[in-house]
Amino acid sequence: MTTVSVDDAAIAEAKQLRDEFQRFLREYEFGMREVETKISILRDEFTHNHAYNPIEHVKSRLKSPDGIVEKVARKGIEPDFDTIRREITDIAGVRVTCSFVSDVYRLFELFTKQDDITVRLVKDYIAEPKPNGYRSLHVIVEVPVFLSTGPVPVPVEVQFRTIAMDFWASLEHKIHYKFAGRVPVHLVQSLTDAADAAGELDQRMERLHREAHEINQRVIEA
């Protein structure tokens, strides 16, 4: 009888932990959805009021429980919810892919200046690319999620990048996955060269876009 009682207690404790973890993750899911809604509103407003959509597509992802556990172990932090909330800021992520670099900064500014958005950290890998050539504008924000128990500030990582940056990052990720992180040196150099080419393409497309806009304005004014 004693053994059964212990087993029942262990099962009850495991279920409680599972339920707490699900509630914890739901907060991040709700925060992610809040950010998606804000981005969607900006996209629709641009489309209807400016006849221009600077957003190509939006993707979001919630880190899996296994992914969170692995990061807790890698960072060497205490495996409790308060510590995880404080130390791991990319559990919820939203990626916004734009047409041009100017659109990246414009959307970043419009998004982060909203009254209920708190900016915790900005990493501008467009102005200062990573050594491997990676380019993107990262921002960690806190967005309020209003639950039945009251508001909860939830951190969400938002990445803004161009189509060229997104294509390069996707390819780089696939190659690293294929080689389990041990990519041959010549491929690493080729990836870096490709990142430079993607950056040059962004600059060219930006100039073409600006020139096309100026020509169109002159035609309208004529």
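No value in this document is a laboratory result; all are computed from the given coordinates. Keep in mind that what you see is a predicted model, and the values were worked out from it rather than measured. Cβ coordinates were reconstructed from backbone atoms using ideal geometry, including for glycine residues, and neighbour counts include every protein chain displayed.
Under 5 Å between amide hydrogens, built in the peptide plane, is the criterion, and for V154 it picks out V143, V145 among residues at least 5 positions away or on other chains. Using alpha carbons only, the radius of gyration of the chain set against its Kirkwood radius gives Rg/Rh = 1.08. Taking the longest Cα principal axis of the chain as reference, the axis of helix 65-75 is set at about 90 degrees.
Lysine pair count for the chain (Cα-Cα distance under 24 Å; residues 8 or more apart in sequence or on different chains): 28. Scalar couplings 3J(HN,Hα) for region 128-137, obtained by applying the Karplus form with A = 6.51, B = -1.76, C = 1.60 to θ = phi - 60°, are 9, x, 5, x, 7, x, 4, 10, 4, 10 Hz; x denotes Gly and Pro. Highest mean packing first, where packing is the average number of other Cβ atoms within 10 Å per residue, the peptides 27-39, 88-100, 147-159 line up as 88-100, 27-39, 147-159. What the phi angles of region 156-169 give under the Karplus curve with 6.51, -1.76 and 1.60, with θ = phi - 60°, is a coupling list of 9, 8, 10, 10, 10, 8, 8, 4, 5, 5, 5, 4, 5, 5 Hz, glycine and proline written as x.
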